Amino acid sequence: MMKKVKRNTAVLFIRDRLPYLVTGIVIIVFGAALMIIDKARLRKGINDTDTTMYFIIVALFFICVWLVVDYIRQRIYYQQVSMAIECSGELQAAAIVQSTVTQEQRLAVRLLEQQQTTYLNELRNFRRQQEIHNHFVLQWVHHMKTPVSVMDLLMQEALQQMPYTEQEQHQFVSNMKDEAERMTKGLEMLLYSARIDKFEFDLHIKRIAIHDLIRDVIIAHKRLCIRHSITPQIDGEAWVETDIKWMTFVLNQLVSNAIKYSKGISGSKRLTFQMKQTANEVKLSVIDEGIGIPSHDLPRVFDPFFTGENGRAAEESTGMGLYLAQQVCHRLGHRLNVRSEEGSGTTFTVSFETKSIQRLD
(Lines give C-alpha, C1' and ligand atoms only; values in the text may rest on other atoms or scores of the structure.)
Protein backbone atom coordinates (compact mmCIF):
# COMPACT_ATOMS: atom_id res chain seq x y z
CA MET A 1 0.00 0.00 0.00
CA MET A 2 2.80 2.41 0.93
CA LYS A 3 4.70 1.60 -2.27
CA LYS A 4 1.58 2.32 -4.33
CA VAL A 5 1.07 5.65 -2.55
CA LYS A 6 4.72 6.63 -3.09
CA ARG A 7 4.49 5.70 -6.77
CA ASN A 8 1.29 7.72 -7.22
CA THR A 9 2.73 10.79 -5.47
CA ALA A 10 5.88 10.60 -7.60
CA VAL A 11 3.78 10.44 -10.78
CA LEU A 12 1.69 13.43 -9.66
CA PHE A 13 4.84 15.38 -8.76
CA ILE A 14 6.42 14.76 -12.18
CA ARG A 15 3.15 15.51 -14.01
CA ASP A 16 2.76 18.89 -12.30
CA ARG A 17 6.31 19.90 -13.23
CA LEU A 18 6.21 18.60 -16.79
CA PRO A 19 5.87 22.13 -18.33
CA TYR A 20 8.93 23.26 -16.35
CA LEU A 21 10.86 20.22 -17.59
CA VAL A 22 9.84 20.92 -21.20
CA THR A 23 10.90 24.57 -20.89
CA GLY A 24 14.23 23.54 -19.35
CA ILE A 25 14.86 20.96 -22.09
CA VAL A 26 14.12 23.56 -24.81
CA ILE A 27 16.61 25.99 -23.22
CA ILE A 28 19.23 23.23 -22.88
CA VAL A 29 18.78 22.16 -26.50
CA PHE A 30 18.99 25.75 -27.68
CA GLY A 31 22.13 26.34 -25.57
CA ALA A 32 23.74 23.16 -26.90
CA ALA A 33 22.94 24.23 -30.49
CA LEU A 34 24.54 27.62 -29.91
CA MET A 35 27.65 25.94 -28.48
CA ILE A 36 27.94 23.69 -31.53
CA ILE A 37 27.55 26.68 -33.84
CA ASP A 38 30.10 28.69 -31.81
CA LYS A 39 32.57 25.80 -31.91
CA ALA A 40 32.21 25.53 -35.70
CA ARG A 41 32.85 29.27 -36.03
CA LEU A 42 35.99 29.01 -33.89
CA ARG A 43 37.35 26.35 -36.25
CA LYS A 44 36.94 28.82 -39.06
CA GLY A 45 38.82 31.41 -37.05
CA ILE A 46 35.80 33.47 -36.14
CA ASN A 47 35.82 34.58 -32.49
CA ASP A 48 32.53 36.24 -31.50
CA THR A 49 31.22 36.74 -27.94
CA ASP A 50 27.71 37.59 -29.14
CA THR A 51 26.71 33.90 -28.95
CA THR A 52 26.67 34.01 -25.15
CA MET A 53 24.45 37.08 -25.24
CA TYR A 54 22.11 35.35 -27.67
CA PHE A 55 21.78 32.41 -25.29
CA ILE A 56 21.06 34.62 -22.28
CA ILE A 57 18.46 36.68 -24.13
CA VAL A 58 16.66 33.68 -25.65
CA ALA A 59 16.72 31.78 -22.33
CA LEU A 60 15.19 34.77 -20.55
CA PHE A 61 12.62 35.05 -23.33
CA PHE A 62 11.54 31.42 -22.89
CA ILE A 63 11.37 31.84 -19.11
CA CYS A 64 9.23 34.97 -19.42
CA VAL A 65 6.92 33.31 -21.96
CA TRP A 66 6.49 30.33 -19.64
CA LEU A 67 5.76 32.58 -16.63
CA VAL A 68 3.12 34.47 -18.63
CA VAL A 69 1.51 31.22 -19.83
CA ASP A 70 1.59 29.74 -16.32
CA TYR A 71 0.04 32.88 -14.85
CA ILE A 72 -2.77 32.81 -17.43
CA ARG A 73 -3.40 29.15 -16.56
CA GLN A 74 -3.52 29.69 -12.80
CA ARG A 75 -4.77 33.24 -12.27
CA ILE A 76 -8.43 32.14 -11.84
CA TYR A 77 -7.35 29.60 -9.23
CA TYR A 78 -5.51 32.26 -7.23
CA GLN A 79 -8.47 34.63 -7.54
CA GLN A 80 -10.82 31.95 -6.23
CA VAL A 81 -8.48 31.13 -3.32
CA SER A 82 -8.34 34.84 -2.40
CA MET A 83 -12.15 35.07 -2.55
CA ALA A 84 -12.45 31.92 -0.39
CA ILE A 85 -10.11 33.43 2.22
CA GLU A 86 -12.18 36.64 2.27
CA CYS A 87 -15.34 34.54 2.73
CA SER A 88 -13.74 32.15 5.23
CA GLY A 89 -16.48 32.92 7.76
CA GLU A 90 -19.05 31.19 5.54
CA LEU A 91 -19.63 27.41 5.62
CA GLN A 92 -19.46 27.04 1.83
CA ALA A 93 -16.27 29.10 1.34
CA ALA A 94 -14.23 26.07 0.21
CA ALA A 95 -16.72 25.43 -2.62
CA ILE A 96 -15.58 28.67 -4.31
CA VAL A 97 -12.28 27.08 -5.37
CA GLN A 98 -13.08 25.07 -8.51
CA SER A 99 -10.63 26.08 -11.27
CA THR A 100 -7.70 23.80 -10.42
CA VAL A 101 -4.84 23.29 -12.85
CA THR A 102 -2.18 21.13 -11.21
CA GLN A 103 -2.60 17.80 -9.46
CA GLU A 104 -1.32 19.40 -6.27
CA GLN A 105 -4.11 21.96 -6.41
CA ARG A 106 -6.70 19.24 -7.11
CA LEU A 107 -5.50 17.25 -4.09
CA ALA A 108 -5.63 20.35 -1.89
CA VAL A 109 -9.19 21.17 -3.04
CA ARG A 110 -10.24 17.54 -2.54
CA LEU A 111 -8.86 17.64 0.99
CA LEU A 112 -10.75 20.88 1.69
CA GLU A 113 -13.98 19.37 0.38
CA GLN A 114 -13.59 16.24 2.52
CA GLN A 115 -12.76 18.32 5.59
CA GLN A 116 -15.78 20.52 4.93
CA THR A 117 -18.02 17.45 4.58
CA THR A 118 -16.69 16.05 7.87
CA TYR A 119 -17.16 19.40 9.57
CA LEU A 120 -20.74 19.75 8.30
CA ASN A 121 -21.56 16.21 9.45
CA GLU A 122 -20.16 16.96 12.91
CA LEU A 123 -22.09 20.23 13.00
CA ARG A 124 -25.26 18.41 11.97
CA ASN A 125 -24.76 15.79 14.70
CA PHE A 126 -24.09 18.51 17.27
CA ARG A 127 -27.22 20.41 16.27
CA ARG A 128 -29.26 17.21 16.44
CA GLN A 129 -27.93 16.49 19.93
CA GLN A 130 -28.78 20.02 20.97
CA GLU A 131 -32.28 19.68 19.55
CA ILE A 132 -32.75 16.37 21.36
CA HIS A 133 -31.49 17.87 24.62
CA ASN A 134 -33.65 21.01 24.31
CA HIS A 135 -36.71 18.95 23.40
CA PHE A 136 -36.07 16.63 26.33
CA VAL A 137 -35.73 19.55 28.77
CA LEU A 138 -39.05 20.99 27.58
CA GLN A 139 -40.67 17.57 27.82
CA TRP A 140 -39.16 17.02 31.26
CA VAL A 141 -40.54 20.35 32.51
CA HIS A 142 -43.97 19.36 31.18
CA HIS A 143 -43.83 15.97 32.94
CA MET A 144 -42.59 17.45 36.21
CA LYS A 145 -45.62 19.73 36.34
CA THR A 146 -47.81 16.65 36.93
CA PRO A 147 -46.20 15.38 40.17
CA VAL A 148 -45.90 18.94 41.49
CA SER A 149 -49.61 19.52 40.81
CA VAL A 150 -50.54 16.19 42.42
CA MET A 151 -48.45 16.93 45.52
CA ASP A 152 -50.01 20.37 45.80
CA LEU A 153 -53.50 18.84 45.50
CA LEU A 154 -52.70 16.21 48.13
CA MET A 155 -51.44 18.89 50.51
CA GLN A 156 -54.62 20.94 50.02
CA GLU A 157 -56.80 17.89 50.69
CA ALA A 158 -54.73 17.06 53.77
CA LEU A 159 -55.28 20.56 55.16
CA GLN A 160 -59.01 20.42 54.52
CA GLN A 161 -59.59 16.93 55.98
CA MET A 162 -57.37 17.04 59.06
CA PRO A 163 -57.17 14.99 61.22
CA TYR A 164 -56.53 11.87 59.12
CA THR A 165 -57.17 8.32 60.21
CA GLU A 166 -54.09 6.08 60.37
CA GLN A 167 -55.02 4.40 57.08
CA GLU A 168 -55.56 7.75 55.39
CA GLN A 169 -52.22 9.02 56.68
CA HIS A 170 -50.52 5.92 55.32
CA GLN A 171 -52.17 6.44 51.94
CA PHE A 172 -51.23 10.13 51.94
CA VAL A 173 -47.56 9.37 52.68
CA SER A 174 -47.53 6.62 50.06
CA ASN A 175 -48.93 8.96 47.40
CA MET A 176 -46.43 11.66 48.31
CA LYS A 177 -43.60 9.13 48.02
CA ASP A 178 -44.81 8.07 44.57
CA GLU A 179 -44.80 11.62 43.28
CA ALA A 180 -41.42 12.35 44.90
CA GLU A 181 -39.99 9.26 43.21
CA ARG A 182 -41.32 10.42 39.86
CA MET A 183 -39.59 13.75 40.33
CA THR A 184 -36.36 12.07 41.47
CA LYS A 185 -36.33 9.78 38.43
CA GLY A 186 -37.03 12.73 36.13
CA LEU A 187 -34.17 14.72 37.66
CA GLU A 188 -31.86 11.72 37.40
CA MET A 189 -32.63 11.21 33.72
CA LEU A 190 -32.09 14.90 32.97
CA LEU A 191 -28.77 14.81 34.82
CA TYR A 192 -27.54 11.74 32.94
CA SER A 193 -28.72 13.22 29.64
CA ALA A 194 -26.53 16.28 30.31
CA ARG A 195 -23.53 14.17 31.41
CA ILE A 196 -23.53 11.82 28.43
CA ASP A 197 -22.01 14.50 26.15
CA LYS A 198 -18.88 14.45 28.37
CA PHE A 199 -19.03 10.73 28.99
CA GLU A 200 -15.26 10.18 29.10
CA PHE A 201 -14.83 12.68 31.97
CA ASP A 202 -17.21 10.75 34.21
CA LEU A 203 -16.05 7.18 33.70
CA HIS A 204 -14.39 4.61 35.94
CA ILE A 205 -14.10 1.12 34.46
CA LYS A 206 -13.46 -1.79 36.81
CA ARG A 207 -14.38 -5.44 37.26
CA ILE A 208 -17.59 -5.85 39.24
CA ALA A 209 -20.02 -8.58 40.29
CA ILE A 210 -23.02 -7.73 38.15
CA HIS A 211 -25.33 -9.86 40.34
CA ASP A 212 -24.51 -7.67 43.35
CA LEU A 213 -25.32 -4.55 41.33
CA ILE A 214 -28.65 -6.12 40.33
CA ARG A 215 -29.49 -6.70 44.00
CA ASP A 216 -28.88 -3.01 44.76
CA VAL A 217 -31.19 -2.00 41.91
CA ILE A 218 -33.90 -4.40 43.10
CA ILE A 219 -33.68 -2.96 46.63
CA ALA A 220 -34.13 0.55 45.19
CA HIS A 221 -37.35 -0.63 43.49
CA LYS A 222 -38.52 -2.92 46.32
CA ARG A 223 -41.53 -0.81 47.34
CA LEU A 224 -42.94 -0.66 43.81
CA CYS A 225 -42.31 -4.38 43.25
CA ILE A 226 -44.23 -5.23 46.44
CA ARG A 227 -47.09 -2.88 45.57
CA HIS A 228 -47.55 -4.34 42.08
CA SER A 229 -46.94 -8.00 43.06
CA ILE A 230 -43.72 -8.31 41.06
CA THR A 231 -41.24 -10.91 42.31
CA PRO A 232 -37.60 -10.31 41.26
CA GLN A 233 -35.44 -13.36 40.66
CA ILE A 234 -31.68 -13.49 40.02
CA ASP A 235 -30.55 -16.49 37.99
CA GLY A 236 -26.77 -16.97 37.99
CA GLU A 237 -23.69 -14.91 38.79
CA ALA A 238 -21.23 -13.06 36.57
CA TRP A 239 -18.31 -10.62 36.74
CA VAL A 240 -17.91 -7.98 34.06
CA GLU A 241 -15.83 -4.88 33.32
CA THR A 242 -18.00 -1.78 33.31
CA ASP A 243 -18.73 1.50 35.09
CA ILE A 244 -20.90 0.99 38.20
CA LYS A 245 -22.69 4.34 38.05
CA TRP A 246 -23.56 4.24 34.35
CA MET A 247 -24.53 0.55 34.49
CA THR A 248 -26.77 1.29 37.48
CA PHE A 249 -28.51 3.93 35.36
CA VAL A 250 -29.08 1.38 32.56
CA LEU A 251 -30.47 -1.25 34.94
CA ASN A 252 -32.70 1.33 36.62
CA GLN A 253 -34.22 2.16 33.23
CA LEU A 254 -34.81 -1.50 32.37
CA VAL A 255 -36.35 -2.28 35.78
CA SER A 256 -38.50 0.87 35.75
CA ASN A 257 -39.83 -0.07 32.31
CA ALA A 258 -40.50 -3.64 33.46
CA ILE A 259 -42.52 -2.39 36.45
CA LYS A 260 -44.30 0.29 34.43
CA TYR A 261 -45.56 -2.16 31.82
CA SER A 262 -46.25 -5.04 34.22
CA LYS A 263 -48.23 -3.27 36.94
CA GLY A 264 -51.44 -3.23 34.89
CA ILE A 265 -51.58 -7.04 34.77
CA SER A 266 -53.44 -8.61 37.68
CA GLY A 267 -51.89 -11.30 39.87
CA SER A 268 -48.25 -11.98 40.67
CA LYS A 269 -45.56 -11.44 38.04
CA ARG A 270 -41.90 -12.37 37.86
CA LEU A 271 -39.00 -10.15 36.92
CA THR A 272 -36.06 -12.41 36.08
CA PHE A 273 -32.41 -11.39 35.78
CA GLN A 274 -30.70 -14.17 33.87
CA MET A 275 -26.92 -14.31 33.41
CA LYS A 276 -25.10 -16.55 30.94
CA GLN A 277 -21.32 -16.60 30.47
CA THR A 278 -19.39 -17.90 27.47
CA ALA A 279 -15.72 -17.74 26.52
CA ASN A 280 -16.18 -14.38 24.77
CA GLU A 281 -19.00 -12.59 26.55
CA VAL A 282 -21.46 -12.34 29.42
CA LYS A 283 -25.14 -11.87 28.62
CA LEU A 284 -27.52 -10.32 31.14
CA SER A 285 -31.20 -10.68 30.26
CA VAL A 286 -33.92 -8.72 32.07
CA ILE A 287 -37.14 -10.68 31.50
CA ASP A 288 -40.53 -9.31 32.54
CA GLU A 289 -44.06 -10.70 32.27
CA GLY A 290 -45.64 -7.43 31.20
CA ILE A 291 -47.85 -6.41 28.33
CA GLY A 292 -45.06 -6.73 25.75
CA ILE A 293 -44.20 -4.45 22.83
CA PRO A 294 -46.15 -4.48 19.55
CA SER A 295 -44.04 -5.85 16.69
CA HIS A 296 -44.35 -2.64 14.65
CA ASP A 297 -42.88 -0.63 17.56
CA LEU A 298 -39.88 -2.88 18.21
CA PRO A 299 -37.53 -1.37 15.56
CA ARG A 300 -37.97 2.11 17.10
CA VAL A 301 -37.85 1.48 20.85
CA PHE A 302 -34.32 2.96 21.10
CA ASP A 303 -35.19 6.11 19.12
CA PRO A 304 -35.26 9.36 21.13
CA PHE A 305 -38.76 10.46 22.22
CA PHE A 306 -40.41 7.37 20.75
CA THR A 307 -43.06 6.09 23.17
CA GLY A 308 -45.09 3.75 20.97
CA GLU A 309 -48.58 2.49 21.79
CA ASN A 310 -47.67 1.42 25.32
CA GLY A 311 -45.83 4.64 26.13
CA ARG A 312 -48.72 6.82 25.02
CA ALA A 313 -50.94 4.96 27.46
CA ALA A 314 -48.47 5.60 30.31
CA GLU A 315 -48.48 9.27 31.30
CA GLU A 316 -44.96 9.23 32.76
CA SER A 317 -43.32 7.89 29.58
CA THR A 318 -40.84 10.32 27.97
CA GLY A 319 -39.35 8.07 25.30
CA MET A 320 -35.82 8.91 26.49
CA GLY A 321 -35.03 6.11 28.97
CA LEU A 322 -34.22 3.37 26.46
CA TYR A 323 -32.48 5.83 24.12
CA LEU A 324 -30.11 6.93 26.89
CA ALA A 325 -29.64 3.34 28.05
CA GLN A 326 -28.54 2.27 24.56
CA GLN A 327 -26.24 5.29 24.23
CA VAL A 328 -24.57 4.42 27.54
CA CYS A 329 -24.16 0.76 26.57
CA HIS A 330 -22.67 1.71 23.20
CA ARG A 331 -20.11 4.02 24.80
CA LEU A 332 -19.20 1.40 27.39
CA GLY A 333 -18.60 -1.14 24.61
CA HIS A 334 -21.69 -3.20 25.50
CA ARG A 335 -24.65 -4.16 23.31
CA LEU A 336 -28.30 -3.66 24.29
CA ASN A 337 -30.92 -5.66 22.39
CA VAL A 338 -34.63 -6.30 22.84
CA ARG A 339 -37.09 -8.99 21.91
CA SER A 340 -40.74 -9.03 22.84
CA GLU A 341 -44.06 -10.65 22.15
CA GLU A 342 -47.19 -8.61 22.69
CA GLY A 343 -49.09 -9.93 25.68
CA SER A 344 -46.25 -12.21 26.84
CA GLY A 345 -43.56 -9.88 28.15
CA THR A 346 -40.28 -8.33 27.06
CA THR A 347 -36.62 -9.33 27.30
CA PHE A 348 -33.80 -6.77 27.25
CA THR A 349 -30.31 -8.26 26.89
CA VAL A 350 -27.04 -6.50 27.72
CA SER A 351 -23.99 -8.21 26.22
CA PHE A 352 -20.61 -7.61 27.90
CA GLU A 353 -17.64 -8.66 25.77
CA THR A 354 -14.95 -10.08 28.03
CA LYS A 355 -12.18 -8.39 26.05
CA SER A 356 -14.02 -5.31 24.85
CA ILE A 357 -12.39 -1.89 24.56
CA GLN A 358 -14.54 0.85 25.99
CA ARG A 359 -15.58 3.35 23.35
CA LEU A 360 -15.29 6.98 24.36
CA ASP A 361 -16.25 8.53 21.01
Work out, in µm²/s and without decimals, the Stokes-Einstein translational diffusion coefficient of region 56-111 at 37 °C, 0.692 mPa s, Rh from Kirkwood over C-alpha pairs. 257
Full-extension gain in nm, Asp216 to Ile76, via 0.36 nm per residue minus C-alpha separation: 43.4 nm
When a/c reaches 1.5 or more, the comparison of a/b and b/c decides; with that in mind, is region 190-257 rounded, prolate or oblate per its Cα gyration tensor? oblate
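For region 219-340, what relative contact order do you get, as a whole percent, if you take Cα pairs closer than 8 Å and at least 6 residues apart? Write out the running numbers ahead of the final one.
On the way: 154 pairs, mean separation 29.4, N = 122.
24 percent.
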For region 250-324, what class follows from the C-alpha gyration tensor (a ≥ b ≥ c being the square roots of its eigenvalues): rounded when a/c is under 1.5, otherwise prolate if a/b is larger than b/c, else oblate? oblate
Beta bridge orientation in region 209-357: antiparallel %, DSSP, nearest 5: 80
Quote to one decimal, in nm, the extra length available between Ala279 and Gln103 on full extension: 0.36 nm per residue of separation minus the C-alpha distance between them. 58.1 nm
So, for region 200-275, what is the accessible surface per residue at a probe of 1.4 Å, expressed in square angstrom? 48
Extension reserve of the Ile85-Lys206 stretch, reckoned as 0.36 nm per residue once the Cα distance is removed: 38.6 nm
Listed peptides 243-256, 65-78 by packing density, highest first (mean Cβ within 10 Å): 243-256, 65-78
Along region 94-105, Karplus-curve 3J(HN,Hα) (6.51, -1.76, 1.60; θ = phi - 60°) to the nearest Hz, with x for Gly and Pro, reads 5, 6, 5, 7, 10, 8, 8, 10, 8, 5, 4, 5
Distance violations [Cα-Cα > 20 Å] among Lys263/Lys283; Lys177/Lys260; Lys222/Lys269; Lys185/Lys260; Lys198/Lys245: Lys263/Lys283
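The values are calculated or read from the model by the stated rules, or taken from the named source; none is laboratory data. Fair warning: this is a prediction, and the values are worked out from it, not measured in the lab. Quick reminder, even Gly has a Cβ in these numbers, built from the backbone with ideal geometry, and neighbours come from all protein chains shown. Surface areas here come from the heavy atoms of the whole protein model, side chains and all, with no ligands, DNA or RNA. Shrake-Rupley method; radii C 1.70, N 1.55, O 1.52, S 1.80 Å.
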